1. Can you tell me which residue is surrounded by the fewest Cβ atoms within 10 Å (Cβ to Cβ) among those in region 122-144 that are hydroxyl-bearing (Ser, Thr, Tyr) and more than 17 Å from the chain's Cα centre (by Cα)?
2. Can you name every one of the strands (runs of 3 or more DSSP E) wholly within region 75-121 that holds 2 or more residues which are surrounded by fewer than 16 Cβ atoms within 10 Å (Cβ to Cβ) and within 10 Å of ligand 3 (Cβ to nearest atom)?
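Values quoted throughout were computed directly from the atomic coordinates according to the rules given, and no laboratory measurement underlies them. Note that the structure is a prediction, hence the values are computed from the model and not measured. Cβ coordinates were reconstructed from backbone atoms using ideal geometry, including for glycine residues, and neighbour counts include every protein chain displayed.
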Amino acid sequence: MHPNTNQVASNAQHLLKSHQLRLTDMRVKVLDLFMARAQALSQNDLEQELGKVDRITLYRTLRTFEEQGLIHKAMDGTDKQKYALCQHDCGQGTHHDHHAHFHCDTCGKTICVEEIAAPVITPPLGFAVSETHLVIRGRCDVCQ
Ligand SMILES: [Zn+2]
Ligand SMILES: [Zn+2]
Ligand SMILES: [Zn+2]
């Protein structure tokens, strides 16, 4: 086995354990991919990378990861639902990923921009905010 693959795999296993998640083949594989790719991934992206996988199991894995604070929704202004790896100490039901996401219009990749915080919104009187998304679109460093 390639030493890098080994390293990534053990990181994924460690992360799952630290979030009190049982190690399953699917969970380790999906987390490996998020760690290796360093960009937001949709369920479709994961299906293409993983090959023949059970879609329901993959869907449930993503939902569990989001609930447990491993990944967060990375809204990028497209109709694709993408997820990105959490960088902070997110936990069960609590996320701290209030940052911008950059979407490259040329290659379609979406990344987290931790340095840019999403603004705190004061909604109109009588309105309640459930989610705020700050999306930056343009060209990435590779596509310039
Ligand atoms: Zn998070
Ligand atoms: Zn690009
Ligand atoms: Zn993010």
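1. 130
2. Numbers: elements: 82-85, 99-104, 110-117.
The strands (runs of 3 or more DSSP E) meeting that bar are 110-117.
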